[in-house]
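The values are calculated or read from the model by the stated rules, or taken from the named source; none is laboratory data. Small disclaimer: the values here were computed from a predicted structure and weren't measured. Glycine also receives a Cβ, built like all others from the backbone with ideal geometry; neighbour counts cover every protein chain displayed. Side chains included, ligands, DNA and RNA excluded: accessible areas come from the protein's heavy atoms. Shrake-Rupley method; radii C 1.70, N 1.55, O 1.52, S 1.80 Å.
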Amino acid sequence: MGGIVAVIDYGMGNLHSVASALQHVGADKVLVTHDAELIRTADHVVFPGVGAIRDCMAEIRRLKCDELLLDVLTEQHKPVLAICVGMQALMSHSQENGGVDCLDIIPGEVRFFGNPLLDAEGGRLKVPHMGWNQVHQVSAHPLWSGIEDNSRFYFVHSYYVDAVDRKLLAGSVQYGVSADAALARDNLFAVQFHPEKSHTAGLQLLRNFISWNGQC
Amino acid sequence: MGLAKRIIPCLDVENGRVVKGVNFVDIRDAGDPVEIARRYNEQGADEITFLDITASHEGRDTTVHTVEKIAEQVFIPLTVGGGIRAVEDIRTMLNAGADKVAINTAAIHTPELVREAAQRFGSQCIVVAIDAKRVDDVDGAPRWEIFTHGGRKPTGIDAVAWAKKMADFGAGEILLTSMDRDGTKNGFELGVTRAVTDAVEIPVIASGGVGTLDHLVDGVLLGGADAVLAASIFHFGEFTVPEAKAYMSARGIEVRL
């Protein structure tokens, strides 16, 4: 429990809320950095993301955070939590900004919700998908510990993840389509919602993450 | 089941204190913003909006510090508005811990600011705040115009057309305040709420005039709002956030309980 958590900072927006939420749930130390040596010392790594995918990918590559992330995941086997655009960046490709190649760590596409987007009764749904929606826990995972199925988490996004390998799906959310809310593979857990902004359920997920050993 | 309608307590803050006026004047002290924000977070508010109505530069520094303190303790989205004039102001507030910034007057003077901000920081954090006043046409057809300077200065801009334009420019959300209703406790101006909600694809927050829990219900069911914002009914202890949510839920509105 606790330990050192590194939040990978590739210069895209405010990471204070992630850092302060991690501190709040008991991390001994939170490092917000892209320094590979510092991140190597961490017990857990968070890969966040805010903003448009083209700029995010450009900064991730410029600061070599792509190589760093692969090293952390597959060489050092640290538990990694990807959040929002951080999750989208893991996929093969995104439709945002006219089409952007992403890291291809998890094969799949990041798709636009569509306009118009309609619910099951034909009602119009606003895009971005902004606010508190229910996450169905498709598979059991240590990060869901103590969180009721269909708990609400805070989402804000216009593009959603659609992973190729459906066995990786850990959580789904309904918003006109069935979108991937959480993906899990080995020591990697990725969420589309913002746990750091999701009050009780979100803080519980972060608490679970910093005590997770990376095994499923 | 799906996306919940949001309840957003609003803190109007001047020189580090929460205040609330009637029709933007007659201000009454409601307490320490950090304490109040923490209370709403614990009550299960879905977001918090912080509107800085301070004029002075010294006051602005206080605001940044207050936002930092709130962001350390509040784990729901925080929107900060008031005095946002340039990309640098947006960056300052986001770095202080805001999740979204609300742009009002500056968007009217420099609409390109909204486009630039959305490109730089993402639409998800750019809220355009619109202060609308009813100015019916000569034939009596309802129309709403944007006013600045706390409702004193007309701009000649149609509120509905403006909301559409701001959505096209990349705004992620509209915060729509009725200047006629703000602080009156007579309920939202539902005409403009409905007109703007129908006109744009992005979420709309209804604001201005909440005095009863039925007003919150009307904002969603009649106005079509995605979120409802209120200040004084929560600040002065008339209702708690859970009471408001239970009331809305009993009327068939999906909320986060």
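Entry note, the protein assembly as shown: the mean residue ellipticity at 222 nm calculated from DSSP H runs of n ≥ 4, each adding -39500 (n - 2.57), is -8500 deg cm²/dmol after division by the residues and rounding to the nearest 500. Quick one: grab the alpha carbon gyration tensor of the stretch B:105-166, order the square roots of its eigenvalues as a ≥ b ≥ c, and give me rounded if a/c is under 1.5, else prolate or oblate depending on whether a/b is larger than b/c. Verdict is prolate for the stretch B:105-166. Alpha-carbon geometry of the protein assembly as shown: the Rg and the Dmax are 21.5, 73 Å, given in that order.
Buried surface between chains B and A: roughly 2800 Å² of accessible area, summed over both sides, computed with a 1.4 Å probe on protein heavy atoms only. Gap in Å between the Cα centre of the stretch B:92-126 and the Cα centre of the stretch B:201-234? Going from one Cα centre to the other spans 23 Å.
The mean sequence separation of alpha-carbon pairs under 8 Å and at least six residues apart, normalised by the residue count of the stretch A:4-210, gives a relative contact order of 20 percent. Evaluate E = 1/(1 + (r/R0)^6) for residue A:62 and residue B:153, where r is the Cβ-Cβ distance and R0 equals 45 Å; express this FRET efficiency to the nearest 0.05. With R0 = 45 Å, the Cβ-Cβ based efficiency is 0.50. Among A:167/B:100; A:126/A:167; B:20/B:100; B:164/B:185, which pairs are too far apart, with a Cα-Cα distance over 26 Å? From the list (A:167/B:100; A:126/A:167; B:20/B:100; B:164/B:185), the Cα-Cα distance tops 26 Å for A:167/B:100; A:126/A:167; B:164/B:185.
Collect residues whose amide H, placed 1.01 Å from N in the peptide plane, falls under 5 Å from the amide H of residue B:173; neighbours closer than 5 in sequence don't count. The answer is B:128. Shown is the FRET efficiency for residue B:199 and residue B:141, computed with R0 = 22 Å from the Cβ-Cβ distance and rounded to the nearest 0.05: 0.90.
Annotation: per residue accessible area for the stretch B:127-257 equals 36 Å², rounded to a whole number [probe 1.4 Å, protein chains only]. Please tell me the relative contact order of the stretch B:117-257 in percent, rounded to the nearest whole number, where contacts are Cα pairs under 8 Å and at least six residues apart. Contact order relative to length: 18 percent. Using a probe of 1.4 Å on the protein chains alone, the accessible area found for residue A:4 is around 50 Å².
When Rg and Dmax are taken over the Cα atoms of the stretch B:136-257, they come to 14.8, 46 Å. With the cut-off at 1.5 for a/c, could you classify the stretch B:80-204 from its C-alpha gyration tensor as rounded, prolate or oblate? Prolate is the answer for the stretch B:80-204, as a/c is 1.5 or above and a/b outweighs b/c.
When DSSP assigns beta bridges and you keep just the ones with both residues in the stretch A:4-210, what percent turn out antiparallel, to the nearest 5? Around 60 percent antiparallel, to the nearest 5. Fully extending the segment from residue B:110 to residue B:68 would add 12.4 nm, taking 0.36 nm per residue of separation and subtracting the current Cα-Cα distance. Inter-part distance, the stretch A:72-104 to the stretch A:38-58, computed on C-alpha centroids, equals 9 Å.
Between residue A:170 and A:182, A:183, A:184, the built amide H atoms are under 5 Å apart, and every one of these is 5 or more places off in sequence or on another chain. Note on the protein assembly as shown: dipole from Cβ charges, positive end direction compared against B:86, B:54, A:110; the farthest Cα belongs to B:54. In this structure, residue B:250 and residue B:184 have a Cβ-Cβ separation that, at R0 = 30 Å, corresponds to a calculated FRET efficiency of about 0.70. Note on residue B:240 and residue B:61: the model spin-label points, each 7 Å out from Cα along the C-beta direction, lie 3.9 nm apart. Would you please calculate the Kirkwood hydrodynamic radius of chain B over all C-alpha pairs and express it in Å, rounded to one decimal? Answer for chain B: a Kirkwood hydrodynamic radius of 18.0 Å.
Of the listed residues A:196, A:121, B:14, B:42, the order by accessible area with a 1.4 Å probe, largest first, is A:121, B:42, B:14, A:196. Would you mind classifying the stretch A:17-76 by shape? Square roots of the alpha carbon gyration tensor eigenvalues, ordered a ≥ b ≥ c; an a/c under 1.5 is rounded, otherwise it is prolate if a/b is larger than b/c and oblate if not. In terms of gyration-tensor shape, oblate.
The stretch between residue A:92 and residue A:139 holds 14.6 nm of extra length on full extension. This uses 0.36 nm per residue minus the Cα-Cα distance. Determine, at each q value in 0.13 (inverse angstroms), the log₁₀ of I(q)/I(0) that the Debye formula gives when each Cα of the stretch A:4-210 is one equal point scatterer. One equal scatterer on each Cα of the stretch A:4-210 leads to -0.66.
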